[in-house]
Each structure stands twice: as structure tokens, then as C-alpha cells.
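Read through the structure below, which is laid out as C-alpha cells, and then see the notes.
The values are calculated or read from the model by the stated rules, or taken from the named source; none is laboratory data. Source: prediction; values computed, not measured. Cβ coordinates were reconstructed from backbone atoms using ideal geometry, including for glycine residues, and neighbour counts include every protein chain displayed.
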Amino acid sequence: MNKLLLLITLVTFGISAKAQAVYTTPYGEKYHTSSCRYVRTKTTTKKITLSEAKTEGKEACKVCKPSGYEYTSNPTTNKQNTARQCSGRTQAGNRCKRKTKSSNGRCYQH
């Protein structure tokens, strides 16, 4: 009975470890699935487990989204990255027509 339980445990662990295999590149900061376009053409990829990748400080690829993928985007950050009309005024008193991504809302001229 103990041998059967041990065998089932080993098989289950082997299946779960195989399902969590991810690929990394030597200088990359992310981990990928085997079918990801970023590792398909690379010959220097290294196959590691998901837990090893997280231990090394690597993040999940946002293209292939491997298992354990965590999207950590902040919606307020995206608003600051979109261009908006400058809040400055021209000499004539009209509002500036240039676009800016600056956090203060003004273009390079204001």
C-alpha cells in the first residue's frame, strides 16, 4: 500500500513539474512557453521550472502568458502614458494645441 501511494505521488509530481516548465534566455528578464515567438528562434534558451524562474526574479511574458502569469498593470499608470492636450496658454490667450505625456500637463514649450 505504501509503495502504491509513493508511486502515485511521484507520478503526480512528475506531471505537475512537467506542466510548469518554462523557458528563459540568458539575458532576458522574462520566462516563456515553448511556443512563444521570443524563444522559438533562439538556440540559447534554457528550460527551467516555474518556481526557479520566479526565484531568479523573472517575470511572465505578456505575449505567451505562461502558467502562473500575473498581470500587474496599474490602470492609473496607463492614463499618464497617453498623450493629452497641453494645458498651457499662448500669447494670444488661446489654449496650446500641442500634445503632451508630461505629468504636469504642459508641453515642452510651456
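Selection of region 2-53 for residues being in a helix (DSSP H, G or I) and modelled with pLDDT of 80 or more yields Arg37, Tyr38, Val39, Leu50, Ser51, Glu52, Ala53.
On the stretch given as region 67-96, residues that are in a loop (DSSP other than H, G, I, E, B), surrounded by 10 or more Cβ atoms within 10 Å (Cβ to Cβ) and at pLDDT 85 or above total 5.
Do we have any residue at all in region 59-66 that's in contact (Cβ under 8 Å) with a residue 40 or more places away in the chain and buried (at least 19 other Cβ atoms within 10 Å of the Cβ)? Within region 59-66, one or more residues are in contact (Cβ under 8 Å) with a residue 40 or more places away in the chain and buried (at least 19 other Cβ atoms within 10 Å of the Cβ).
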